[in-house]
Every structure is written in structure tokens, then in C-alpha cells.
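The next block holds one structure in the form of C-alpha cells; read it before the comments.
Only the coordinates and a few stated rules stand behind these numbers; no lab work does. The structure displayed is predicted, hence computed values, not measured ones. Cβ coordinates were reconstructed from backbone atoms using ideal geometry, including for glycine residues, and neighbour counts include every protein chain displayed.
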């Protein structure tokens, strides 16, 4: 009986710590609008966006940033993954309509480079 109570206490405390860490991570993020602005500026430079494209890309980035705020609130890892992937696909489809073919290729290449860097960073942590 003591082992059972001890095991339950560990499970509950680990859940609380996990939730606390998750909420702490959200507190450290800038607001969605600020993140969208930063991303739009970066894209403006890398992709050479036109004056007409900038507000359209900003709106897409803001929608995606707000969606990511919602995803971060999910507790289930698989749900988070699916919601993240769905949000990214929606963003990519919207950008495909706004960007030229060459800009979209640059965007995709930049995304792949970021994935590669993130993977390397994760591996270096372990």
C-alpha cells in the first residue's frame, strides 16, 4: 500500500512539474504579434518581399503565431505534434499563394536549414 501511494505521489508531482515547465515556457515567449513582426522582418530580408507582400505575410505569420500559442496549451504530446504540423501546413499553403515561386523555394530552403540547426542543437544537448 505504501508503495502504491509513493508511486501515485511521484506520478502526480511529475505531472505538476511538467505543467509548470510548460506554462513557464509560454511566459518566456514574446506575444504572438511581436513574434510575427520579427518573423516578417526576417522574411522580408531573406525573401526580398515587396511592399505589397509584407502586410500579407505579416497576417499569415500572426495567424500562425496565435495558433502556436493555442498548441502550446495542449497537454498531450501527440496532439501537440499533430496540431503543430497542421498549423505549419496551413501557413505554408497561405504563403504559397502570396510568395513567388522563387521566394517560396527560398522559404522552404530556409525552413529546412532551421530544422537541421534545431536537430543539431538537440543532439548536442544529449
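Number of residues in region 41-50 that are in contact (Cβ under 8 Å) with a residue 24 or more places away in the chain and surrounded by 16 or more Cβ atoms within 10 Å (Cβ to Cβ): the value is 3. When restricted to residues that are surrounded by 14 or more Cβ atoms within 10 Å (Cβ to Cβ) and either touching a residue at least 24 places away in the same chain (Cβ under 8 Å) or farther than 27 Å from residue 51 by Cβ (or both), region 91-126 contains 9. Among the residues of region 51-90, those that are loosely packed, with under 13 Cβ neighbours inside 10 Å and free of Cβ contacts under 8 Å to residues at least 12 places away in the same chain comprise 51, 52, 55, 76, 77, 78, 79, 81, 85, 86, 89.
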